[in-house]
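**Q** This is the structure I want to talk about, given as structure tokens.
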Amino acid sequence: MKRVLVTGGAGFIGSHLSEALLARGDQVTVIDDESTGAAANLDQIMGQPGFEFVPGSVADETLTRRLLADVDEVYHLAAAVGVALIASQPMETIQRNIYPTEFILTALRDRIKKGERVKCFLASTSEVYGKNPKPTWNEEDDLVLGPTTRPRWSYGASKAIDEFLGLASWREYEVPVVIGRFFNVVGPRQTGAYGMVLPRFVEAALCGQPLLVHDDGQQIRCFAHVNDVVAAVLGLMQAEDAVGQVVNIGSDQPVSILELAERVIAASQSDSKVEFQSYAAAYDESFEDIRRRVPDLSKLRGLIGHRPAFDLDGIIATVIDAQRSA
Ligand SMILES: NC(=O)c1ccc[n+]([C@@H]2O[C@H](COP(=O)([O-])OP(=O)(O)OC[C@H]3O[C@@H](n4cnc5c(N)ncnc54)[C@H](O)[C@@H]3O)[C@@H](O)[C@H]2O)c1
């Protein structure tokens, strides 16, 4: 049995990951300040033997170091997440995303000095590729971020710093770090409150409200079900070859945002219509979007032979079911 710490475990991905770790037989501790997550996401496992929820911030160095003192594995997911949140609170994004990662890695370096090897998964993001114009992105591609005057890029830049810190900790101190670059992850419990598109569309369709599609809706994205993403994370953490690697995690099946809206309307048998909204109205004048975001998943497949269980229709159906029964 492993003792595992999940930071941000009351969030969307973290809560599913915590359930899977507990089901695997691990002893799981979650730390979360409920800034964008909620303890209610852990209802299914709260109170179960082997599970502990610690309300608090990973920015509390004393608390986090204490939690890190005797764990065997760490999954660091706590971060400022969501395009809308990042555009409105860039300072918060930078602070939340960089400093805790730095001292988590330092604490794990101290464990290495004692001869204790603690594997660490760092949750990164496709946002680090910025607006790279290539049709598919592989892990060796350039990061093409926009100017610092546009706050949106602070998210990708801060996660890129996390990646540099993780890779440096591995190269210089042999801290075993696995970095996953998540593309769009969706599924039950994801909130639309911070600009996430699928829960927003489903909520609107179920209420008969218009689905607000930004710009012309021709932005291309790939949506992966959270269960498939959790399976990939667990697989990578068991693959010794993944240590010291950066790996894309997600789906590689592209769909336009307009088509996504139309498929949500059809799947929920809604009378809702699509309405187009400018970026300036949705965010502000400084907002810049990414036209196409499709991962090359060869590395993920090579490392763990990953095969997703859900296609897009299956994903949309699970999100509709979850919102209907909420
Ligand atoms: N959902 C996606 O599509 C996606 C895509 C790319 C990357 N990611 C990354 O995956 C991770 C999880 O994202 P998510 O979608 O589950 O978002 P989420 O907002 O649901 O989860 C983040 C969790 O971290 C918590 N948190 C934030 N700052 C904290 C702090 N200082 N101390 C303790 N807890 C804190 C929040 O309360 C929340 O529960 C993040 O690192 C995010 O950057 C997600």
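**Q** Residue check, Thr93 against (1) of a type in the set (Ser, Thr, Tyr); (2) at pLDDT below 95; (3) farther than 28 Å from Asp284 by Cβ, all met but one. Which one?
**A** Unmet condition: (3).
**Q** Next up: Give Asp33, Asp43 a once-over and let me know the one that is of a type outside the set (Phe, Trp, Tyr) and within 8 Å of the ligand (Cβ to nearest atom).
**A** Result of the check over Asp33, Asp43: Asp33.
**Q** Then there is this: Got a sec? Which of Ala38, Ala80 is touching a strand residue (DSSP E or B) at 6+ places or on another chain (Cβ under 9 Å) and within 9 Å of the ligand (Cβ to nearest atom)?
**A** Selected residue: Ala38, the only one of Ala38, Ala80 that is touching a strand residue (DSSP E or B) at 6+ places or on another chain (Cβ under 9 Å) and within 9 Å of the ligand (Cβ to nearest atom).
**Q** Would you pick out the residues in region 253-263 that are hydrophobic (A, V, I, L, M, F, W, C) and either part of a strand (DSSP E or B) or touching a residue at least 60 places away in the same chain (Cβ under 8 Å) (or both)?
**A** Val255, Ile257, Leu260, Ala261
**Q** Please verify whether Gly56 is in contact with a helix residue (DSSP H, G or I) (Cβ under 6 Å, 6 or more places away or on another chain) and either among the aliphatic types (A, V, I, L, M) or near the ligand (Cβ under 9 Å from one of its atoms) (or both), treating the condition exactly as stated.
**A** yes
**Q** Of all residues being over 20 Å from the mean Cα position of the chain (by Cα) and under 29 Å from Ser126 (Cα atoms) in region 68-77, which is nearest to the ligand (Cβ to nearest atom)? Just the residue, please.
**A** It comes out as Leu68.
**Q** Same structure, new question: Out of Ala193, Ala168, Ala123, Ala157, which single residue is under 17 Å from the mean Cα position of the chain (by Cα) and either among the acidic types (Asp, Glu) or surrounded by fewer than 17 Cβ atoms within 10 Å (Cβ to Cβ) (or both)?
**A** Ala193
**Q** For region 139-162, enumerate the residues that are in contact with a helix residue (DSSP H, G or I) (Cβ under 7 Å, 6 or more places away or on another chain) and touching a residue at least 40 places away in the same chain (Cβ under 8 Å).
**A** The answer is Glu139, Gly146, Pro151, Arg152, Ser154, Tyr155, Ser158, Lys159, Ile161, Asp162.
**Q** Same structure, new question: Within region 89-120, restricting attention to residues that are within 15 Å of the ligand (Cβ to nearest atom) and without any contact (Cβ under 8 Å) to a residue 12 or more places away in the chain, which residue is farthest from Ala160 (Cα to Cα)?
**A** Gln89
The values are calculated or read from the model by the stated rules, or taken from the named source; none is laboratory data. Not measured: the values here are computed from a predicted model. All Cβ positions, even for glycine, are placed from backbone atoms using ideal geometry, and neighbour counts span all protein chains on display.
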